[in-house]
1. Excluding same-chain residues fewer than 8 positions from residue 207, which lysines have a Cα within less than 19 Å of its Cα?
2. Within straight cross-link reach of residue 2, meaning Cα distance under 21 Å, which lysines are found once same-chain residues fewer than 8 apart are removed?
3. Given an 8 Å cut-off on Cα distances and at least 6 residues of separation, report the relative contact order of the chain as a percent.
4. Can you work out ³J(HN,Hα) from phi for every residue in region 33-40, in order, using Karplus 6.51 cos²θ - 1.76 cosθ + 1.60 and θ = phi - 60°, giving whole Hz and x for Gly and Pro?
5. Which aspartates and glutamates have a Cα lying under 18 Å from the Cα of residue 3, excluding residues fewer than 8 positions away in the same chain?
6. Run through all the Cα pairs of the chain and give the fraction in each 20 Å bin from 0, expressed as whole percent.
7. Would you please give the residues with an amide H less than 5 Å from that of residue 80, counting only those at least 5 places away or on a separate chain, with H modeled from the backbone geometry?
8. Step through the residues of region 159-166 one at a time and calculate ³J(HN,Hα) from phi using the Karplus curve (6.51 cos²θ - 1.76 cosθ + 1.60, θ = phi - 60°), rounding each to whole Hz and writing x for Gly and Pro.
Amino acid sequence: MKKDFIAISDFSSSELQEMLTLAIDLKKEWKTNGNKPILKNKAMAMIFQKPSLRTRVSFDMAMRHLGGDALYLSPSEIGLGKRESIADVARVISGYVDIIMARVFEHQHVIDLAKWAEIPVINGLSDYNHPCQAMADALTILEEFGTLKNLNVVFVGDGNNVAVSLMHICAKLGANFTHTGPEGYFISNAAYEIGNTISQNTGSQIKYIADPKEAVKKANVIYTDTWTSMGQEEETKLREAVFPPYQVNQALVNLADKYAIVMHCLPAHRGQEITDEVADGSHSRLFPQAHNRLHAQKAVIVNLLK
Ligand code: CP
Ligand code: NVA
């Protein structure tokens, strides 16, 4: 049966660990002699309903490094569900390429694509989650600390798509996860319940703490993201009014563990959710984290196509 990569919670802890080990191996191989062309004659269709820098470039280069091809399909080209039904798009593309990566507005759209496609589908971000980001995040944390077990990961800000996948991968790999953010912007109950179920098996803890200063005490990782995600632009003003107490600035970072790292999926809104001082400071791992998208996604693709 074909496999898809739609959510972190669809994979076991050991499957995720195996993919991360493969990511480390592929990264090392690429840095020494370049990757072997193990995806020769394989092609990926990349469907985008929203803009992207990291996802677009890292998936394209991941395919090229492994000897394959990638095709970029811009938001205006396909008109997913508008010009043509998702079911028809999925079945047509299945005859041309070997794997699909899709960035969509509604999570249901990537689920529908996977349902109708005869080839693997990778979720490149939806309104619910961002599992490829979480793989790169876990890889970055692993490289820094050697393990996720018993680390304290604190997500500061909006309980959004990035927070959901980060919470689930922390729970799967044994890290404690805390969300701190304003009332009304919590991680959804459905996502929390999935996280709690996972953490009961792995022994990690999932918490919400309203006070950001309290939340980051003992943090090994402080993570933040935009206050306004793509698709929520009309709420920008409202959000800019409530999120400032949750800015990741030097004063907040100083309250965390002395060796804490700061992460952000990017794009960053400097001066809002993160200050320049922190983004460019010694705790920041923003750019190695962005670069790890390339390596983590190679492992995801190889895992699906093997
Ligand atoms: N972090 C991330 O997914 O970035 P892009 O929106 O640029 O792809
Ligand atoms: N939460 C952000 C992540 C961008 C990579 C968004 O959905 O816009």
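1. 149, 172, 217, 218
2. Output for residue 2: 40, 42, 115, 298, 306.
3. Working: 606 pairs, mean separation 60.3, N = 306.
Result for the chain is 20 percent.
4. Values, residue by residue: 10, x, 6, 6, x, 6, 10, 4 Hz.
5. Here the aspartates and glutamates satisfying the reach criterion relative to residue 3 are 15, 18, 98, 112, 118.
6. Histogram of Cα-Cα distances, whole percents per bin: 35, 58, 7.
7. Hits under the 5 Å cutoff: none.
8. x, 9, 4, 5, 4, 4, 5, 5
None of the figures in this text is laboratory data; all of them are computed from the coordinates on show. Keep in mind the model is a prediction, meaning the values are calculated, not measured.
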